[in-house]
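The values are calculated or read from the model by the stated rules, or taken from the named source; none is laboratory data. As the structure is a computational prediction, the values presented were derived from the model and not from experiment. Cβ placement follows ideal geometry from the backbone for every residue including glycine, while neighbour counts extend to all protein chains displayed. Areas reflect the complete protein model, heavy atoms only, side chains present, ligands, DNA and RNA absent. Shrake-Rupley method; radii C 1.70, N 1.55, O 1.52, S 1.80 Å.
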Amino acid sequence: MSHDQLVQVRRFNRVVTRRAGALEDHFLARDRPLGEARVLWEIGPDGSDVRTLRSRLGLDSGYLSRLLRSLEQAGLIVVERCDGDRRVYTAQLTAAGVKERNVLDRRSDDLAESFLAPLSASQRERLVNAMGEVERLLTLGMVEIAPRDPTDPQAQFCLREYVSELDRRFDDGFDPKRSISADARELRPPAGVLLVASLGSEPVGCGALKFHPGEPTEIKRMWVAESARGFGLGRRLLGELETLAVESGSRVVRLETNRTLTQAIALYRSAGYAEVAPFNDEPYAHHWFEKRIKT
């Protein structure tokens, strides 16, 4: 990245914090700063456990505790131990908290309207589209991708969702017992590796490799949650898998896929994968792809 790019990002940050009122002690003309208002909003009408709040907002436990304590002292929330697990604390809005959150909701709409009101119709469209693109790219940057054991709860969630989606989308459903295997033993080193993508505490994607010494490495179990699509996460996962394949000494990676997965097919082709003759007898495959990677 260049120095000019860093300068532009910092300039953007200054404009946004000023325009959104992040520097004010009385955010949206209320009696609390932005941090407290945001926590109140995130707790929501149904409440939230504190660990989820911390992960969702990316706050350290000490700072979040201070924000919660201030809101509790103001009579807007109640923080209590969870009946089912005494180690877990939950935050709930009081009646006053619900009222305050509704006021913040209305004033947030007014603030958003003030962004758009001075602009022409075409300028509004440009701004909203640009904001959408910024949101997508910033969200992608917040996703963390790391190896996980296939028995890890987040890994298990992704693998179940992968199977469930294929079962919904394939013409004749999907039974993993009929498919070429990619079980836990095959997806942990040295036989393979499983990557899980997480946004905060939420698993939003996965991808795996099966290593075959002296032969191409197989890419398996590529999946991205619907809520995380459109951010470029699939391409990022694919790139991470290719990097791991290179580090393992592979020169070629390959995969097979079903004709109903049109977005995945487009991704593979745009990432440099060439369609080749079938190299296995996967019953659910209609397309086989291969790519030579740099070592």
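Quick notes
- Of the listed requirements (1) surrounded by 14 or more Cβ atoms within 10 Å (Cβ to Cβ); (2) part of a helix (DSSP H, G or I); (3) modelled with pLDDT of 95 or more, T139 misses just one: (3).
- Each residue in the range 210-244 was checked for being part of a helix (DSSP H, G or I), under 17 Å from the mean Cα position of the chain (by Cα) and of a type in the set (D, E, K, R), and 4 of them qualify.
- Number of the condition not met by V253 [criteria: (1) open to solvent by 30 Å² or more (accessible area, probe 1.4 Å); (2) part of a strand (DSSP E or B)]: (1)
- Subset of the range 29-46 [touching a residue at least 24 places away in the same chain (Cβ under 8 Å), surrounded by fewer than 15 Cβ atoms within 10 Å (Cβ to Cβ) and in contact with a Leu (Cβ under 9 Å, 6 or more places away or on another chain)]: W41, G44, P45
- Residues in the range 155-173 that are of a type in the set (D, E, K, R) and not in a helix (DSSP H, G or I): D171, D172.
- Wholly enclosed helices (runs of 4 or more DSSP H) of the range 1-93 bearing at least 1 residues more than 26 Å from the chain's Cα centre (by Cα) and of a type in the set (S, T, N, Q): 61-73
- Answer residue from the range 218-238, given it is among the small types (G, A, S) and open to solvent by less than 30 Å² (accessible area, probe 1.4 Å) and is modelled with the lowest pLDDT among those: A228
- Flag for A146 being within 29 Å of T257 (Cβ to Cβ) and either open to solvent by less than 70 Å² (accessible area, probe 1.4 Å) or among the charged types (D, E, K, R) (or both): yes
- Selection within the range 199-209: residues that are open to solvent by 10 Å² or more (accessible area, probe 1.4 Å) and assigned to a strand (DSSP E or B). The member of this set that is nearest to A155 (Cα to Cα) is P203.
Yes/no per residue for (1) in contact with a strand residue (DSSP E or B) (Cβ under 7 Å, 6 or more places away or on another chain); (2) of a type outside the set (A, V, I, L, M, F, W, C); (3) at pLDDT below 85; (4) more than 29 Å from T90 (Cα to Cα):
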site	(1), (2), (3), (4)
V9	no, no, yes, yes
G21	no, yes, yes, no
E24	no, yes, yes, no
R38	no, yes, no, no
G58	no, yes, yes, no
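- Residue among D183, D152, D172 that is surrounded by fewer than 14 Cβ atoms within 10 Å (Cβ to Cβ) and farther than 21 Å from E218 by Cα: D172
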